[in-house]
Amino acid sequence: MLRILINALRTGVVTTHYPAEPSVPPDRFRGAPVLRSGSRLPPPAVCPSGALTERIDAGGRHVALDLARCVFCGRCAEDPWEGAVTMGRDFELAARCRDDLRIEVVADDATIHGGSTAEPARDRDADAARASSEIRRVLGRSLQLRHLDAGSCNACDWELSALLNPVYDVRRLGIDFVASPRHADGVAVTGPVTRNLETAVRRTVEAVPDPRIVIAVGACAASGGIVGEGYASAGGVDRILPVDVYIPGCPPRPEAIIFGILVALGRLDARRVRKA
Amino acid sequence: MADHTVRFVDPADLPAAAAVLTGSHAMALATVVATDETATPDGDLKVRYVFEPTAPGGPDRFVTLVISVDATRPEVPSLTTLVPAANWHEREMRDLFGIVPVGHPDPRPLVVHDGWPQGVFPLRKAFDGSRRVAVEPAAEFPHLVAEGEGVFEIPVGPIHAGIIEPGHFRFSSVGETVLNLDARLFYTHRGLEKRMEGLSPLDAFYVVERICGVCSVAHGLGYCEALEQIAGVAAPPRARLIRTIALELERLYNHVGDVGNVCAGAAFHYGTTAGMRLKETLQQVNERLAGNRFLRGLVIPGGARLDLSSDLLRVLAATLRDTLAGLDALMERIEANPSVVDRLDDTGVLHHQTALDLAVAGVAARASGVDRDARRDHPHGAFVGVDPPDLHVVTASEGDAMARVTVRALEARESIRLIGEFVRRLEAGPLQIALADPLPGGRIGISAIESARGEAVHWLRTDAAGRVERYHLRSPSYHNWPAVALAGQTAIVPDFPLVNKSFELCYSCTDR
């Protein structure tokens, strides 16, 4: 017992100060890809998860990137597209609206637009503000989540577990994971919702008292990711249930999940795709 | 590269041929791969039963028995009563290909759940796998349960109380004693093998790397080695070393985390937290090396995607020193804690013969005295070559949870030593070798990789255009799950979490 105490004291405090202080990912970290204008933008076939799409109209070739679908493999930023696409370092990508995760670049134009036009974006802002004030009224600043594996590869699950380790210790932020959906304010879903889990997913979410928050953690939950839709996969949680917050990543690093949960709670603003 | 013998046998002769291999040749079933070749001139379905030697340090060899199956009457003799390890393989090919193993003792579906339509076989080529198949109301799954006075059924899962993967466990118990344990898995079946068919092998790599989070490197590497066999190239020496450093790092963060996790099952919270912290430190180093905490993005077909600079290697060396000290301190605390040791000793015993019969892999096999390690028996990565590093394969004879924890801790130490050795061997050189585009058609690649969980067998074949025609992964967990159910029956109900955590298996790479 004494040894344990000595070891613990010797180890000291290892807990991060995120989000009070920013987290700086290491140099090689692959965050949100940044698409630069130019004719060398990669064709959609380069992306193994189908996050890149293109359309050609009078305005030129538009290349769009869906961050919810992106697996951050970095392939689109490799030779020969190096420079046209670079892997950014931004990981605080959670959004309340799936469309906010779409980046579109016009190949012959230097501007980067959000996925949709300005008009509905304002409506969404108002919706988001209403949603977060309602969440705050009901839940206060604390959130009890139930993890729900809907067919994940276990990477997102491990990162959710990591939130409880001494480094991230999300309990310091009033966030915890509970054993029963009946004790939860919401669910953190990982995986694309497999056919074999669809019933269990529905029943688990129904067991969470209303109003409840559904957070789609990682590319598979947010969009189907690299799994996509298939005979055994629904291709994203929002095919089955309404989703409140989408957290991109394959898997999202623990700070990215903390960011997303705080967005869900209305304690942080979702960061919109930066307008150039 | 492994010596691969292929023999065509008549279906009627299959049991006799398998008996010779598993009997006098002392071979074990490595994997079973069914293929739909109805669109080829052969016009049939085929099943390949791949065997490997079990003698420690035996030759790097695979023997495949191939049988042709008539698509209009798809029946094969079942091997399960003769080769128990064939059990799930045969149920899987019945579900996915409609190939009926005649004489199989278990008629229940394995991979498909919930009112899956009759006569629909998703891995047949004619089946369009791109659309989701609706969930239909279904009768309750016929679990294998014990009956009698005072026998309780305890259903657990698929959604568990902790942050873990989904599976259903049905205990039949009298008081705390487990009479029978029936595990139902494949909840995370995503149809990934079908998903890869028709893709360019380079595109398909990104799917393989994401079959399982905690085996990302091992599965990525296994696929790459199978692919490189097809392409007829070998990754450059520096790339091989970097890939193998990644493989050992993956083993290390898994093993260290798993030792900590076992403590959670015994309510030893200091141990749990210490293990979590050590694992977290390693995953932070992973992110510095690969840009991803699960080391995704380091391995690539043809070599390594990223180099390891001397700065990064310095960071790595310092972390490994701290990890070694931390792991030793943790094991010391576990061994000095009678309440933990008492829970682990004699708990969840897997007998040596059972481990052999089920072709159990990895830590679970070695803790039951099975001296098998694919790093030695099917050399891969930097374990190949004229001067392979000296690998100490750790074994124990008890087969209980304590033995599995001890073997795991010793293997983690061995991984730290190996990484040091690989770093010393690094010499300047190219990182990648180009693969032909398109790849040669109609070729088969087979590889076996020792992942953190044990031996994983990859089987890949290209079609005429050099695309993925069929890929099959037999993960170590696939062979180990039935052993967990048997070992669980020797424990009491409250010890099952300990048994389960001491095996520490993946659901996602079993289910695919």
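Each value in this text was obtained by applying a stated rule to the coordinates, not by laboratory testing. All values reported here derive from a predicted model rather than from experimental measurement. Using ideal geometry, Cβ is built from the backbone for each residue, glycine included, and neighbour counts are taken over all protein chains shown.
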message: Rounded to two decimal places and with Rh computed the Kirkwood way over Cα pairs, what is Rg over Rh for the stretch B:124-279?
response: 1.07
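What order, most packed first, do the peptides A:6-13, B:477-484 have when packing is the mean number of other Cβ atoms within 10 Å of each residue?
Descending mean neighbour count gives B:477-484, A:6-13.
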- prompt: Using 1/(1 + (r/R0)^6) with R0 = 35 angstrom and r between the beta carbons of B:Leu391 and B:Ala12, what's the FRET efficiency to the nearest 0.05?
  reply: 0.25
task: Arrange the following residues from fewest to most other Cβ atoms within 10 Å of their Cβ: B:Val360, B:Val405, B:Val83.
output: B:Val83, B:Val405, B:Val360
message: How long are the semi-axes of the equivalent ellipsoid of the stretch A:5-84, taking √(5λ) for every eigenvalue λ of the Cα gyration tensor, in whole Å from largest down?
response: 40, 13, 12
message: Taking the number of other C-beta atoms within 10 Å as the exposure measure, put B:Val20, B:Val457 in order starting with the fewest.
response: B:Val20, B:Val457
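Rounded to two decimals, what is Rg over Rh for the stretch B:3-104 when you use alpha-carbon atoms and the Kirkwood radius?
Reported Rg/Rh, Kirkwood definition of Rh: 0.97.
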Diffusion coefficient, µm² s⁻¹, Stokes-Einstein with Kirkwood Rh over alpha-carbon pairs of the stretch B:307-376 at 10 °C and 1.306 mPa s: 103 µm²/s
Inter-site label distance for B:Ile433 and A:Gln144 at 7 Å from Cα along Cβ, in nm: 5.8 nm
query: FRET efficiency for A:Arg36 and A:Ala58, Cβ-Cβ distance as r, R0 = 30 Å, nearest 0.05?
result: 0.85
- line: The orientation-averaged projected area of the Cα convex hull of the stretch A:118-264, in nm², is 8.8 nm²
task: Using a Gaussian network model of chain A whose springs link C-alpha atoms within less than 10 Å, name the residue from A:Ala20, A:Ala51, A:Ala256 with the highest mean-square fluctuation.
output: A:Ala20
task: Return one number: the angle in degrees, 0 to 90 and rounded to the nearest 10, between the long axis of the Cα atoms of helix A:118-139 and the longest principal axis of the Cα atoms of chain A.
output: 0 degrees
message: Rounded to whole Å, give me the distance from the Cα center of the stretch B:473-497 to that of the stretch A:1-80.
response: 37 Å
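Using Stokes-Einstein with the Kirkwood hydrodynamic radius over Cα pairs, what translational diffusion coefficient do you get for the protein assembly as shown at 37 °C and a viscosity of 0.692 mPa s, in µm²/s rounded to a whole number?
Answer, rounded: 122 µm²/s.
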- prompt: Taking B:Lys46 as the anchor, which aspartates and glutamates have their alpha carbon closer than 12 Å to its alpha carbon, excluding any fewer than eight residues away along the same chain?
  reply: B:Asp10, B:Asp36, B:Glu37, B:Asp70, B:Glu75
- line: The answer for the per residue Cα convex hull volume of chain A, in Å³, is 148 Å³
Per-residue average of Cβ from other chains inside 10 Å of A:159-166: 5
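Find the eigenvalues of the gyration tensor of the Cα atoms of the stretch B:412-467, then list the square roots of 5 times those eigenvalues as equivalent ellipsoid semi-axes, largest first, in whole angstrom.
31, 19, 6
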query: Any idea what diffusion coefficient the stretch B:189-303 gets from Stokes-Einstein, in µm²/s, Kirkwood Rh on alpha carbon pairs, 4 °C, 1.567 mPa s?
result: 85 µm²/s
statement: Cα extents of the stretch B:192-511 along the principal axes, largest first, in whole Å, come to 59, 43, 33
field: Average beta-carbon neighbours from other chains, 10 Å sphere, peptide A:83-95
entry: 0
- prompt: Measuring from centroid to centroid over Cα atoms, what is the spacing of the stretch B:352-414 and the stretch B:238-267 in Å?
  reply: 14 Å
- line: The extension gain from B:Arg73 to B:Ser339, computed as 0.36 nm times the residue separation minus the Cα-Cα distance, is 90.0 nm
- prompt: In whole angstrom, how far apart do the alpha carbon centroids of the stretch A:159-219 and the stretch B:108-154 sit?
  reply: 26 Å
statement: A chain fully extended from A:Ser133 to A:Leu2 at 0.36 nm per residue, minus the present Cα-Cα distance, gains in nm 42.3 nm
field: Integer Hz, Karplus 6.51/-1.76/1.60 couplings in order for the stretch B:280-295, x for Gly and Pro
entry: 4, 4, 5, 5, 5, 5, 3, 5, 5, 7, 10, x, 8, 6, 10, 6
query: How far is helix A:254-264 tilted off the main Cα axis of chain A, in degrees rounded to 10, range 0 to 90?
result: 90 degrees
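Averaged across the residues of A:186-195, what count of C-beta atoms belonging to other chains lies within 10 Å of each residue's C-beta?
On the way: counts 0, 1, 1, 0, 3, 6, 2, 2, 10, 13.
Rounded to a whole number, the mean comes out at 4.
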- request: Using the number of other C-beta atoms within 10 angstrom as an exposure proxy, rank A:Ser180, A:Ser49 with the fewest first.
  value: A:Ser180, A:Ser49
